[in-house]
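First comes the structure, then the notes that go with it.
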Amino acid sequence: MIIMKSIRHNSYAVEYVLKLKLDINDRQLSGSSRVTVVSYSGKPAGTLRFILNHGLKPLDVRGELISKWRWYRGSIGGLRELFVNVIEITYDKRSENDNRIEITIDFEGSIRDYSSVFPYVKDCIGEYTLIRTDAYSYPVFLANNDLSFHNLVSSVISQRFKYRIEVAAPRDYVVANVGKLVGHKVREDYKVYVYISKVPSWRMDIAVAKFRVLEEKQDDLRIFYLPEDKEYAERILYTLKNCLKYYEELFGKPARWNGYTIIELPETWGSQADYTGMLLERKGFTDSHHAGIYHELAHLWNAQSAEHPPSRFLDEGFASYFQLLAERRFIGDKWFKERLRNAREKIRELAKKTPKLLEVPLADYGKYYLTDASYLVGVLLLYVLNRLTGDQCFYKAIRRFLEKHYETPATLESFKEAFVEICGDRIRSFLEEWFYTTKPVELIIEKDIDEIIELYKSRLYESLQ
Ligand SMILES: [Zn+2]
């Protein structure tokens with residue numbers, strides 16, 4: 001899930017203070033959002049834009065030095081039916097003191113879903129209310145001024161903001177968020193929930209339903225579930241605890257642990273992960289295999305990538321392999337082997353569909369939009385590496401790599417160096433071949449996994465002769 005910056009923008013939203021009052025019977029909300037935007041360009045702020053769900057009407061915009069504002073109905077380029085309300089704020093001069101601007105936007109109305117464009121975006125106000133970035137249900141800052149879909153996505157995923165949300169909902173509803181609950185009070189017919197983000201994120205998710213909550217205070221684990229799904233919630237909490245313990249045994253404590261919250265989402269509403277928790281569709285919630293949880297939790301053991309653009313091996317390759325290790329531990333070896341064979345099969349299919357895969361080495365997957373292959377080739381790379389180095393050496397080298405990159409971003413080179421340091425120089429040529437040549441994909445197509453391992457084992461053996 002962790003997404004790296006793809007374009008450098010001039011300004012970013014760095015903080016949100018969002019206040020919402022929900023009227024569930026009338027399917028309406030009223031809200032106010034104070035956003036802090038930081039400009040890195042040093043140029044005058046000029047015009048800033050926010051977008052908002054087309055069911056939500058901007059009422060007022062306030063802030064120092066704003067000369068005028070207006071809103072209009074726009075559409076995100078290239079995608080029919082993706083209507084949004086665009087808020088345009090104009091500045092004639094910029095603040096003398098620093099590059100921070102505070103803007104308060106008041107709005108009200110309903111949330112319209114975008115399921116005709118994105119089938120999973122069924123967000124609405126109702127028995128299950130969902131307020132998230134995907135439906136622009138709060139003012140989403142547009143880092144660049146163009147309304148293309150590409151710019152919108154890149155602008156959303158490259159921001160990291162902290163937030164404080166204050167949501168008033170009718171008393172029989174519970175407000176769920178992956179942040180820290182810092183306030184909870186009753187005001188007339190409403191209950192007000194106050195959450196603050198645990199770490200800066202690129203998204204805010206607020207779910208409001210008649211949730212029940214299951215907690216494990218010691219590890220700061222929390223499950224928000226719908227009343228009929230208690231049995232599943234208990235299993236999920238159990239899975240979360242065990243998986244966490246297992247990864248810690250193998251790879252040590254995650255670099256930054258901030259607890260974990262899972263919020264049950266209705267079927268087909270689109271699971272999504274944040275740094276401190278996830279929205280999990282009912283299907284994944286009730287599924288007995290929990291592969292999605294193993295995967296998302298594994299992302300806590302990622303080093304940030306310094307690759308330009310990222311190959312996604314260091315995040316998705318890693319998480320996909322850790323996920324399989326958890327599946328082996330909790331489901332069984334037969335299943336694990338089946339999953340490996342499946343990964344190999346998918347690479348063969350992908351190579352047929354996208355012949356470019358045979359010409360581009362893993363290190364360049366980012367450059368050629370082949371990062372989907374990192375989930376699969378990454379798994380096989382790590383599995384073969386694991387078999388060649390043995391469990392103890394493999395786990396130790398991963399720990400070493402993560403320790404080295406606690407503060408500084410990582411590259412494929414630094415991954416290689418960590419393995420060479422712990423497992424010896426003999427592993428260098430294997431990693432160079434898998435990162436920088438297309439030989440591995442050819443091998444995967446020609447040979448089964450055990451044959452590949454035997455081939456490299458005999459090479460390693462020869463190199464020792
Ligand atoms: Zn992932």
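Taken together, the values in this text are just the output of simple stated rules run on the coordinates, not laboratory data. As the structure is a computational prediction, the values presented were derived from the model and not from experiment. When we count neighbours, we look across all protein chains shown, and the Cβ atoms used for this are built from the backbone with ideal geometry, even at glycine.
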* Segment Glu432-Tyr461, length gained on full extension (0.36 nm per residue, minus Cα span) -> 8.7 nm
* Structure fact -> note: region 302-464, Cα-Cα separations exceeding 20 Å make up a percent value of 48 percent
* Structure fact -> Note to self, the chain gives a 222 nm [θ] from helices alone (DSSP H runs n ≥ 4, -39500 (n - 2.57) apiece, / all residues, nearest 500) of -10500 deg cm²/dmol
* Which residues' amide hydrogens lie under 5 Å from the amide hydrogen of Ser75, considering only partners 5 or more residues apart or on another chain, with H built in the peptide plane? -> Val84
* **Farthest positive-ward along region 11-210 dipole, Cα basis, beta-carbon charges - from Ile131, Tyr114, Tyr40** => Tyr40
* What are the radius of gyration and Dmax of the chain, computed over its Cα atoms and given in Å? -> 23.9, 81
* Asked: According to a simple spin-label model (label point 7 Å from Cα along Cα-to-Cβ), what is the distance in nm between Ala255 and Glu403?
  -> 1.5 nm
* To do: Over the chain, calculate the relative contact order: mean separation of alpha carbon pairs under 8 Å at least 6 apart, over the residue count, as a percent.
  => 11 percent
* For the pair Tyr368 and Asn144, how long in nm is the line joining their label points, each one 7 Å along Cα→Cβ? -> 2.5 nm
* Neighbour-limited loop hits for trypsin sites (Lys or Arg not before Pro), region 87-147 (at most 11 other Cβ within 10 Å; DSSP other than H, G, I, E, B) -> Lys93
* Given 0.36 nm per residue, what is the gain on full extension from Phe330 to Lys352 after removing their alpha carbon distance, in nm? -> 4.6 nm
* Taking region 302-464 and dividing mean pair separation by its residue count, relative contact order in percent (alpha carbons under 8 Å, at least six apart) -> 31 percent
* Structure fact -> Expressed to two decimals, region 11-210 has a Cα Rg over Rh, using the Kirkwood radius, of 0.96
* To do: Could you tell me which trypsin sites (Lys or Arg not before Pro) in region 172-256 are loop residues by DSSP with no more than 10 other beta carbons within 10 angstrom of their beta carbon?
  => Lys217
* Express in whole angstrom the spacing between the alpha-carbon centres of region 266-296 and region 392-435. => 30 Å
* To do: DSSP loop (so not H, G, I, E, B), at most 12 other Cβ within 10 Å: list which GluC sites (Glu not before Pro) in region 62-132 pass both filters.
  => Glu64, Glu81, Glu96, Glu127
* Where does the Debye-calculated log10 I(q)/I(0) of region 125-233 sit at q = 0.20, 0.21 Å⁻¹, using only Cα point scatterers of equal weight, no solvent? -> -1.12, -1.19
